[in-house]
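The values are calculated or read from the model by the stated rules, or taken from the named source; none is laboratory data. Since this is a predicted model, take the numbers as computed values, not measurements. Cβ coordinates were reconstructed from backbone atoms using ideal geometry, including for glycine residues, and neighbour counts include every protein chain displayed.
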Amino acid sequence: MNGPGGWGKEPARPYFFLSYAHAPRPANRGPDPNHWVAKLYDDLIEAITMITDVPEGAPVGFMDQSMHQGQFWAERLAKELATCRVFVPLYSPRYFKSHACGQEWHAFTQRPVYQRRQDVEETSGIVPALWIATKHYTLPRCASDLQFNHASFGPDYAAEGLYALMKLSDYRAQYERAVHRLAERIVEVAEQTVVPVGRPLDFEGLPSAFGTPEPTGALHISVFSCRRGELPPGRSADYYGVLRTDWQPYRPESRRPLAEDAAEVARNMGFRPTVHEFDTESTALLGSADPAAPGVLLVDRWALGDSRRRENLRRVDRRNPAWLSTLEPWNTADEECAAHDGELGRISEDVLRNAHGTLRPSLRGGTTATPATLEEFRGAMERAVIRANDGFERRNEPKAAVPEARRPTLRADFDTGQRPRLAPLYTSGDDEDGGGTGRATPGGGQP
């Protein structure tokens with residue numbers, strides 16, 4: 001295979017880059033839905049290996065399974081997009097709403113991927129694949145302009161898409177046929193459409209080839225966290241910055257502020273997000289004026305030691321606004337969080353009773369209100385935005401009467417001496433709900 005696109009004397013380059021939209025995990029933290037994309041990738045690797053003479057150990061394809069942000073992640077994507085021979089976008093409704101997928105498409109097309117053969121037919125280094133049939137969504141201009149015939153893949157492929165063929169046992173033969181045809185097409189394009197190696201680009205600064213989605217409305221993201229200079233004992237400053245919005249709970253997996261990840265999710269959903277410190281928003285959240293936008297509140301349990309700030313958070317929770325969703329990112333791989341999990345969890349249960357309790361069970365959504373990883377957070381953020389926007393749109397509808405529910409106290413369970421307890425990170429008197437002062441300070445000192 002020493003033709004124009006073959007191995008010859010050039011360095012081995014992957015045949016294809018599989019570009020797809022990462023799907024969030026379901027609310028119950030069940031199986032990873034991206035498992036099915038990974039299976040498709042593996043099946044394509046197998047098929048291409050069988051129909052070519054790819055040397056052992058040479059790269060066949062690339063698929064980003066990390067979901068990680070940061071410099072290393074961006075540099076790796078930029079390198080693969082500059083060297084792959086074919087770009088395979090996996091079409092779905094989520095794909096064309098993904099800013100990152102649009103950036104991948106843009107990066108690849110900065111190379112001379114549109115060429116003309118001797119027969120004057122325009123060809124491209126892009127080979128689209130239908131994950132979900134296109135009858136369910138509208139293609140952006142860059143995709144609708146592509147000339148590609150899927151007829152040889154079979155009618156069921158065009159009608160259903162690869163995901164349905166893969167999931168439904170009755171379509172097993174049709175799935176295998178579609179994968180084989182897709183592999184053949186990738187190899188054909190790689191060998192006949194020579195796309196020179198490009199220069200790796202600054203991926204994070206690239207625009208999306210899909211354009212900017214038409215915003216559906218504003219979204220307020222409020223962050224209840226700490227600055228580096230106001231941390232309680234036992235908490236490292238590595239997770240914080242000059243501003244409270246600099247909070248990075250998922251280090252070292254992600255080294256950018258969580259609020260930026262949250263804003264990115266919102267933008268991909270078509271919203272115009274703005275990020276604020278909770279303290280600057282609390283007056284508006286507690287006011288009687290009609291809210292200007294739905295909101296998502298990100299709560300850092302380590303910040304609950306400040307009695308004044310904690311009291312404002314408690315008051316917002318007691319208002320229980322339907323247009324505000326609450327998330328408590330909690331990195332279970334963080335040893336400091338693991339060491340104080342029980343104690344900070346009890347304080348959170350007391351302050352955020354409506355967020356945790358029976359009055360709004362959908363807010364917590366099982367365990368997804370405390371996402372343990374960045375991937376879980378992104379999925380939880382999507383659901384939180386949907387809930388908040390739904391509550392915002394329904395805010396003026398008449399409310400049905402809700403029977404008063406009394407939440408059983410946890411205090412007796414934890415004060416019996418039956419369980420080992422860590423030295424208290426915070427000492428607290430009874431609060432306004434328990435008949436006392438409501439003061440809690442780091443290490444048992446005064447606020």
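Residues that are closer than 30 Å to Glu46 by Cβ and part of a loop (DSSP other than H, G, I, E, B) are absent from the stretch 218-230 altogether.
For the stretch 149-169, name all the residues that are surrounded by 14 or more Cβ atoms within 10 Å (Cβ to Cβ) and out of contact with any Asp or Glu (no Cβ under 7 Å at 6 or more places or on another chain).
To start, the set of residues in the stretch 149-169 that are surrounded by 14 or more Cβ atoms within 10 Å (Cβ to Cβ) comprises 150, 153-154, 156-158, 160-166.
Listed by number, the residues that qualify are His150, Phe153, Gly154, Asp156, Tyr157, Ala158, Glu160, Gly161, Leu162, Tyr163, Ala164, Met166.
Tell me whether the stretch 64-76 contains one or more residues that are at pLDDT 85 or above and either in the same structural domain as Asn268 (by TED's automatic domain parsing) or of a type in the set (A, V, I, L, M, F, W, C) (or both). It would help to see each step written out before you state the result.
We begin by selecting, within the stretch 64-76, every residue at pLDDT 85 or above; these are 64, 75-76.
With the extra rule that they be either in the same structural domain as Asn268 (by TED's automatic domain parsing) or of a type in the set (A, V, I, L, M, F, W, C) (or both), the set shrinks to none.
Checking the stretch 64-76: not a single residue is at pLDDT 85 or above and either in the same structural domain as Asn268 (by TED's automatic domain parsing) or of a type in the set (A, V, I, L, M, F, W, C) (or both).
Considering the conditions (1) under 19 Å from the mean Cα position of the chain (by Cα); (2) at pLDDT 95 or above, Tyr240 is excluded by exactly one of them, (1). Could you tell me which residue of the stretch 206-251 is farthest from Arg315 (Cα to Cα), considering only residues that are among the polar types (S, T, N, Q) and surrounded by fewer than 20 Cβ atoms within 10 Å (Cβ to Cβ)? The qualifying residue farthest from Arg315 (Cα to Cα) is Thr212. Out of Ala369, Ala423, Ala380, Ala401, which single residue is at pLDDT below 85 and either β-branched (Val, Ile, Thr) or closer than 30 Å to Gly270 by Cβ (or both)? Going through Ala369, Ala423, Ala380, Ala401 in turn, just one is at pLDDT below 85 and either β-branched (Val, Ile, Thr) or closer than 30 Å to Gly270 by Cβ (or both): Ala369. Of all residues in the stretch 252-269, count the ones that are surrounded by 19 or more Cβ atoms within 10 Å (Cβ to Cβ) and free of Cβ contacts under 8 Å to residues at least 60 places away in the same chain. Result for the stretch 252-269: 3.
Looking for whichever is outside the structural domain of Pro273 (by TED's automatic domain parsing), under 31 Å from the mean Cα position of the chain (by Cα) and in a loop (DSSP other than H, G, I, E, B) here; the options are Leu201, Leu165. Which one fits? I'd like the intermediate steps shown before the answer.
Details: Leu165 fails: in a loop (DSSP other than H, G, I, E, B).
The conditions single out Leu201.
Candidates in the stretch 221-237 are the residues that are in contact with a Gly (Cβ under 7 Å, 6 or more places away or on another chain) and at pLDDT below 95; of these, the one that is farthest from Ser325 (Cα to Cα) is Pro233.
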